[in-house]
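One structure below.
The values are calculated or read from the model by the stated rules, or taken from the named source; none is laboratory data. Remember, predicted model here, so these are calculated numbers, not experimental data. Note that each Cβ is placed from the backbone with ideal geometry, even for glycine, and that neighbours are counted across all protein chains shown.
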Ligand code: TNX
């Protein structure tokens, strides 16, 4: 009996060994570079160039096939370091998804068959700074643009075509993609994403990962909400306690942090390499508890409150009546302006419920002069609509239609971030664990099905600079959470900002989005598997 049992266990053990060996072998065969032929099985998914988000302005597929393989090269125009950088960026992205190690070479003429060519030579000015033309023939794939920025946007289109035509991270002997011509440029110049790093703090590494993800969808503005009641997140040399004390905690308490100037510059550089402008926001006069806690003189009674780790809004205010407050603001703005290559500084101005309306208006107008005297243009939320505004000031619409319209009547332009459509911290539905619901639930279709032009009655195209999707982080505390709230809603906002309204259609968009889901699964993105989408 005992013997029988031993035999039985030995048999089970051998079976386990064989089983494990099979798993290891299978794993190796998936991972190795053994060619598995071409990607014909995914050709239908490539839908003849059709799975691009945002949807291109014009897309004319032809019936041919363009093939790249391991020995294809990326040719770029000579003597242009920006184009060279973009060429290498494309090579790196292709390498990480296909394992093809494509060489980047300068070429003074049209390169040979089977290659990729990026050029701004003879670029068509009517494409604008961000437009591009992707011309794929059986012989060669050429990306033309008027500016390198346009090449970069076009490279995202190319990456998407490539990755929707294959199983990413699989090694192919050759990859076939459909031929045709895409001519493309944005509807709006402002296509932004905002991240609140004040309620919860996020590392430079996390921020870079987010920048990478949004650049895939042609986002060109990255707004950092750097200060709020719960934390001050950017180093200011003239007021070190803002970060050392004011940046020490976050929502629910515990240690947090801030960006040193060199870290902040690293973020700006990383964004700039992706043709994204960083917009710093220093919120005032409300949302300032972290500053008030750090420096008693900023309070009307000269007494600092404690640090705040809750999630209420609208209770704090800088003392709008003291001259020293404006000296402080000028000092801070001067340092931020020196750090920022971009033309804008966002001053918040929202939910200043602890400041009366006359004081508020006076405060914003003074701050506006400070911003312009430091060589920058001012941006603020809806509430700015009550104030006298400079023509170059921009209002970011979030909740108050009539204040936004007032601003427009004063001649300023709007960034459209209506909370009920673009607030990425709103829950998808009542079962979503993260997020809030004060502006309603926002399913993928809700954030896709709206038009910035008709969102507020009485706007014209000339009044609208573009769209932005903010993520407030009262309930969001890590990169997984950030991904879950942005995906899959952000690509829809990106499409609203880029694509003409005439090419947008939810039923058709859903199909494209599902193909992107395949890619997200591969890169381990933590996205919401919305039941509205038939995920591949
Ligand atoms: C409103 S939007 C705010 C933020 C909150 C957000 C939460 C805006 C200008 N202010 O302070 O974080 O709601 O959804």
Q. How many residues, within the range 240-251, are farther than 11 Å from residue 308 by Cβ and in a loop (DSSP other than H, G, I, E, B)?
A. 4
**Q.** Identity of the residue in the range 356-392, over 15 Å from residue 282 (Cβ atoms) and within 15 Å of the ligand (Cβ to nearest atom), that ends up surrounded by the fewest Cβ atoms within 10 Å (Cβ to Cβ)
**A.** 386
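Yes/no matrix, rows are residues, columns are (1) free of Cβ contacts under 8 Å to residues at least 24 places away in the same chain; (2) over 24 Å from residue 165 (Cβ atoms); (3) surrounded by 18 or more Cβ atoms within 10 Å (Cβ to Cβ):
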position: 438; (1), (2), (3): yes, yes, no
position: 461; (1), (2), (3): yes, yes, no
position: 467; (1), (2), (3): no, yes, yes
position: 471; (1), (2), (3): no, yes, yes
position: 477; (1), (2), (3): no, yes, yes
position: 487; (1), (2), (3): no, no, yes
position: 525; (1), (2), (3): no, no, yes
Q. Do you know which residues across the range 289-335 are within 16 Å of the ligand (Cβ to nearest atom) and over 21 Å from residue 238 (Cα atoms)?
A. 308, 309, 310, 311, 312, 313, 314, 315, 316
**Q.** Residue list for the range 435-448, restricted to those being within 10 Å of the ligand (Cβ to nearest atom) and either at positive phi or in contact with a helix residue (DSSP H, G or I) (Cβ under 7 Å, 6 or more places away or on another chain) (or both)
**A.** 435, 439
Q) So, in the range 423-434, of the ones that are within 21 Å of residue 496 (Cβ to Cβ), in contact (Cβ under 8 Å) with a residue 40 or more places away in the chain and touching a helix residue (DSSP H, G or I) at 6+ places or on another chain (Cβ under 8 Å), which residue ends up surrounded by the most Cβ atoms within 10 Å (Cβ to Cβ)? A) 424
Q. List the pairs whose first member sits in the range 101-117 and is on the phi > 0 side of the Ramachandran plot, whose second member is at pLDDT below 95, and whose Cβ atoms are under 6 Å apart, counting only residues at least 6 apart or on separate chains?
A. none
Q. For the range 151-239, which strands (runs of 3 or more DSSP E) that fit wholly inside it have 1 or more residues that are within 16 Å of the ligand (Cβ to nearest atom) and assigned by TED's automatic domain parsing to the domain that holds residue 451?
A. 190-196, 221-225
Q | All strands (runs of 3 or more DSSP E) inside the range 64-131 with 3 or more residues being closer than 24 Å to residue 171 by Cβ | A | 73-76, 103-106
Q. Can you tell me which residues in the range 131-152 are surrounded by 23 or more Cβ atoms within 10 Å (Cβ to Cβ) and farther than 17 Å from residue 77 by Cα?
A. 131, 136
Q: Name the single residue, out of those in the range 407-422 being touching a strand residue (DSSP E or B) at 6+ places or on another chain (Cβ under 6 Å) and either within 16 Å of the ligand (Cβ to nearest atom) or without any contact (Cβ under 8 Å) to a residue 12 or more places away in the chain (or both), that is farthest from residue 469 (Cα to Cα).
A: 407
Q.
Take the conditions part of a loop (DSSP other than H, G, I, E, B), within 13 Å of the ligand (Cβ to nearest atom) and touching a residue at least 40 places away in the same chain (Cβ under 8 Å) and apply them to residue 404. Does it pass?
A. no
